[in-house]
Ligand SMILES: [Zn+2]
């Protein structure tokens, strides 16, 4: 079944293509980009998209699927419940143009199981990059759903177990965090040595690592250890320099704090009172340092566990914040398309409009490459060449 979308403005993941184009694809891949004026190819279905803009399907590079708080969620009943929730979530995100999610920790490796069901065509859903259980110190951030490791050997074993179970990446907890009772948010947790054995092994087998790091020391340990993606950290110059030198990616996840600081909802005023508006300024500076030092940014939201930061629309807000903090709309979209795909080792599958890649596509009535808020004019989402959502 071949589909032809005609007369599109196209953002290919890197840049806006000149003029208008037609796009031909089938259920296995993007087949051709045809400049306007050339003869139209044969297709089973032709959709006139005059005035519309097409981008690669969006990627949220940091979510928490199936999160029911920090309960261990490892019993068969818990896993079934989590699996059912994830199976619903991976269809709901199409409403937001999202075709890939990177999950950053869940009990029972349930995201890996759901990913496999989608891959094998058992259930429909967006692409999941799955990490399953994370690795932390005993009692560290996220411990109820992690392997708890206090030396290098146990950390290495845990990484090997996760990769054996089919994880695409290994999630490391370099510092404490807000969400775990008794864990001090910015205090360093896993050692550089523990993260290094995991990072080295993941690289050997073609996988990668990422680290939760809200404190500078933890982020620096992770960067020195060779961890690929560093999450959250409001970096200073020294950390930025180190991350750039090590080729790290940065995943800012700003929307969580942004929503807390901007909420008018009376239920969340107690959180707003606790949050420091200076945190947003630090994130803004972190994005500026990424530009200054050439650190690539992976768009990510941390959506899932907090009902203020819901899956899908949070990515739209996150991209809006990047633009508010001085990215161009096209740069922000790049962080959620071609850039994100590269960060997650998916550049040969998705994230760009290029013949041979999966037809993961988002079509907008407006033009989010000019006005980022136009992501809300989404009218169609295609996953693997199948229309999965339309207005
Ligand atoms: Zn997270």
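A few remarks follow.
- The conditions of being closer than 30 Å to residue 333 by Cβ and crowded, with 18+ Cβ neighbours inside 10 Å are met by residue 127.
- Selection of the range 331-346 for residues being under 14 Å from the mean Cα position of the chain (by Cα) and farther than 18 Å from residue 25 by Cβ yields 332, 333, 334, 335, 336, 339, 340, 342, 343, 344, 345.
- The helices (runs of 4 or more DSSP H) falling completely within the range 109-214 that include 1 or more residues that are away from the ligand (no atom under 16 Å from the Cβ) and under 28 Å from residue 280 (Cα atoms) map to 192-204.
- Screening the range 231-250 for residues that are touching a strand residue (DSSP E or B) at 6+ places or on another chain (Cβ under 9 Å) and more than 29 Å from residue 348 (Cα to Cα) and picking the one that is nearest to the ligand (Cβ to nearest atom) gives 235.
- Selection within the range 171-183 - in contact (Cβ under 8 Å) with a residue 40 or more places away in the chain and crowded, with 16+ Cβ neighbours inside 10 Å: 171, 172, 174, 175, 179, 180, 183
- Residue in the range 88-97 that is over 30 Å from residue 164 (Cβ atoms), in a strand (DSSP E or B) and away from the ligand (no atom under 16 Å from the Cβ) present: no
- Tally of residues being in a helix (DSSP H, G or I) and under 22 Å from residue 301 (Cα atoms) across the range 221-243: 5
- Picking from residues in the range 356-371 that are under 19 Å from the mean Cα position of the chain (by Cα) and assigned to a strand (DSSP E or B), the one that is nearest to residue 328 (Cα to Cα) is 362.
- So residue 263, is it under 21 Å from residue 57 (Cβ atoms) and either touching a residue at least 12 places away in the same chain (Cβ under 8 Å) or surrounded by fewer than 20 Cβ atoms within 10 Å (Cβ to Cβ) (or both): no
- Only listed residue being touching a helix residue (DSSP H, G or I) at 6+ places or on another chain (Cβ under 9 Å) and within 15 Å of the ligand (Cβ to nearest atom), chosen from 224, 289, 259, 228: 259
Per-residue answers, yes or no, for (1) closer than 20 Å to residue 299 by Cα; (2) surrounded by fewer than 19 Cβ atoms within 10 Å (Cβ to Cβ); (3) within 26 Å of the chain's Cα centre (by Cα):
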site	(1), (2), (3)
9	no, no, yes
18	no, yes, no
21	no, no, no
33	no, yes, no
48	no, yes, no
53	no, no, yes
62	yes, no, yes
65	yes, no, yes
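- Hey, residue 106 in the same structural domain as residue 170 (by TED's automatic domain parsing) and either under 28 Å from residue 377 (Cβ atoms) or within 16 Å of the ligand (Cβ to nearest atom) (or both) or not: yes
- Odd one out for residue 304, checked against (1) touching a helix residue (DSSP H, G or I) at 6+ places or on another chain (Cβ under 6 Å); (2) closer than 23 Å to residue 186 by Cα; (3) buried (at least 23 other Cβ atoms within 10 Å of the Cβ): (1)
- Number of the exception - residue 30 against (1) modelled with pLDDT of 95 or more; (2) within 16 Å of the ligand (Cβ to nearest atom): (2)
The values are calculated or read from the model by the stated rules, or taken from the named source; none is laboratory data. If you're wondering where the values come from, they're calculated on a predicted model, not measured in any experiment. Glycine also receives a Cβ, built like all others from the backbone with ideal geometry; neighbour counts cover every protein chain displayed.
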